[in-house]
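Encoded as structure tokens, the structure appears first; notes follow it.
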Amino acid sequence: MKALIKKLPQELQNIVEVVSSLAHTKNVRAYLVGGCVRDMILGARNLDLDIVVEGNGLEFGVNLGEKLKAKVVTHKRFKTSTVFAEDAIKIDITTSRQEHYPHPGSLPVVRDGLIDKDLFRRDFTINSLAVSINQDDFGKLLDVTSGKADLAKGCVRVLHDLSFVDDPTRILRAVRFEQRYGFKIEPKTLALLKQAVKKNMLINTEPQRIRDELILMLKEKNAQKMLKRLAALTKLSFLHLELKISNHTWKLMHDTSAFVRWFESNYPGRRRLDHWLIYLMVLFKPLSMNCVYAFCRRFVLTKNEEKRLIASKAVNPDLIRKINRKNLPPALIYSLLEPLSYEVIILLKAITKNKNAQKHISDYFEIYNDIRISVGGEDLRSLGLAPGPRYQDIFSKVLGAKLDGLVKTREEELELIKKLMT
């Protein structure tokens, strides 16, 4: 494994050397584990390092943060810490541990343990590999569950029969790893997964944990394939009992993905899209507003996420009819699209196939979204208008005139304001 470590990006190699030296100084054992080892063997790019220490992971993380001059976040309950280094590198430091689940779907109760015990508590064999970064056996592979063989076979396998019962979020992770790498969930594991689904384990799991795993899935490059596989296994009823998925859903998701790529290719300087939120909008399109509200509350989305998801319901026949019209004035295009988030506009672009709508939406992103007026409140006050509701009305009319090309300069904006005040 030494050769594979040397194939890591240089910035990661440097961090591994610092960790190895610190472990020696502190007289603790340290190991690369889990996903970073898996991806190292597969040759996949991964800028996150997962490190287990047989010692105090909290203290070790703080010490490493000091060495790297990096931000450290500690999690006392689980005896872990996260170090945020330069170049978007994240280092998770975990105390080697054993764990048990008080009841199905609950968070685990943990206690210290040696590295072998730590590896046996993990989700899948392919994620239970470890590599020593200690100076006496640097690069030695620890493979207590035959994870390397399963990697070679392209096999997703749980470590014990109650794996999906103890932690039902592993159902989502099994699908994510299977589809990400083109693997297969091995037959016994698949049978155990289906049993857990039949017992409604996902429905009875803490919603926030499901939410986090779902978002990770929807952020993946192959999110649509993952969702289709998950839907085939679970019908996605754990998201909402009234959720029904049709071929139209998958076609709309395919079209939406194409327009996401269009946006990111043409407007790289704009705010990055939250892909996962767009895919949720597609999934929830058949649901009522009340059902979407219920989902947001149950899965504890942020206020901003909830607002955008609810706003997707604005993509209705009335809006589509208006945006489909030919030769719309720029001010009207702006008034229709500006209140919507980028995510909702992309959804609208995918839903309507009308060529007029496609041009209006492209023009909005290309031209109108960046137009701003030059005048402000101070200009209105200097013209003798006291602050009040009329300010917004005047600004809207000036912006509309600028969008339609009726005014172009600051002087022309001020002249229009004077006319509007008379």
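Considering only protein heavy atoms, what per residue accessible area in square angstrom results for the stretch 191-283 with a 1.4 angstrom probe?
It amounts to 51 Å² per residue over the stretch 191-283.
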Around Val156, which amide H atoms from residues at least 5 apart in sequence, or from another chain, sit under 5 Å from its own amide H, with H modelled in the peptide plane?
-> Lys184, Ile185, Glu186
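Before anything else, pin down the relative contact order of the chain: Cα pairs under 8 Å, at least 6 apart, normalised by residue count, whole percent.
9 percent
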State the percentage of accessible surface on the chain attributable to carbon and sulfur atoms; use a 1.4 Å probe and exclude ligands, DNA and RNA.
-> 52 percent
In the chain, what percentage of the DSSP-assigned beta bridges are antiparallel, given to the nearest 5?
-> 75 percent
Stretchable slack from His75 to Ser246, in nm (0.36 nm times residue separation minus alpha-carbon distance) | 57.4 nm
Can you work out the accessible area per residue across the stretch 127-174, with the rest of the protein chains kept in place, probe 1.4 Å, in square angstrom?
-> 35 Å²
Mind checking the dipole of the chain: about its Cα centre, +1 per Lys or Arg Cβ, -1 per Asp or Glu Cβ, Debye to the nearest 20?
-> 1380 debye
HN-Hα couplings for the stretch 348-359 via Karplus (6.51, -1.76, 1.60; θ = phi - 60°), in whole Hz with x for Gly/Pro, come out as 4, 4, 6, 6, 8, 9, 5, 5, 5, 4, 4, 5
Counting Lys and Arg as +1 and Asp and Glu as -1 over every other residue whose Cβ sits under 12 Å from the Cβ of Thr82, the net charge comes to -1
Within the stretch 176-203: backbone nitrogen closer than 11 Å to the Ala232 label point (7 Å, Cα to C-beta) | 179, 185
Average projected area [Cα convex hull, the stretch 344-422], square nanometres | 6.4 nm²
Return one whole number: the accessible area per residue of the stretch 1-96 in Å², for a 1.4 Å probe.
-> 50 Å²
Report, ordered by chain and residue number, the lysines lying within cross-link reach of Lys244, taken as a straight Cα distance under 23 Å and ignoring same-chain residues fewer than 8 apart.
-> Lys194, Lys198, Lys199, Lys219, Lys225, Lys228, Lys235, Lys285, Lys307, Lys313, Lys349
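The values are calculated or read from the model by the stated rules, or taken from the named source; none is laboratory data. Values in this document were obtained by computation on a predicted structure and should not be read as measured data. Cβ sites come from the backbone with ideal geometry, for glycine too, and all protein chains shown count toward neighbours. Side chains are part of the model used for accessible areas, which takes the heavy atoms of the whole protein and leaves out ligands, DNA and RNA. Shrake-Rupley method; radii C 1.70, N 1.55, O 1.52, S 1.80 Å.
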